[in-house]
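Have a look at the structure below before the remarks.
Only the coordinates and a few stated rules stand behind these numbers; no lab work does. All values reported here derive from a predicted model rather than from experimental measurement. As a convention, Cβ positions derive from the backbone with ideal geometry for all residues, glycine included, and neighbour counts pool all protein chains shown.
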Amino acid sequence: MVETVERIEKSMKTISYKEGLLKELKDPEYASEYLAQALESGDQAVFLLALKDVVQACGGAAAVAEQAHIQRESLYKALSNRGNPRLTTLQGILKSIGLRMAIVPEEEPQEVEPA
């Protein structure tokens with residue numbers, strides 16, 4: 001019995017949370033929702049960290065910087081904890097990974113009718 005459990009454990013391939021996340025973020029729908037949720041947090045550092053994850057999933061900083069027509073170092077700086085990327089930089093990054101920004105009306109809370 002113990003040998004069977006050990007054999008099964010060895011045959012099971014486990015992946016880390018980060019590996020699983022990066023695999024999921026290759027899907028544009030998943031990546032867009034991931035970034036939207038990070039943006040909803042209202043914390044710029046959270047959004048930049050999420051964008052860094054998506055960049056990593058989409059080929060890494062060097063590939064994305066080249067496609068976005070910016071220096072790799074500039075991309076690293078923009079996505080750092082203290083990053084404050086310009087709108088054009090964000091648009092270039094998003095375009096290079098197959099996404100774009102959109103402005104939508106804020107949802108109004110539903111009124112609850114008294115019972």
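Where a ≥ b ≥ c are the square roots of the eigenvalues of the C-alpha gyration tensor, would you call the chain rounded, which needs a/c under 1.5, or, failing that, prolate if a/b is larger than b/c, or oblate? Verdict is oblate for the chain. In a reduced charge model with +1 at each Lys and Arg Cβ and -1 at each Asp and Glu Cβ, the chain shows a dipole moment near 940 debye about its Cα centre.
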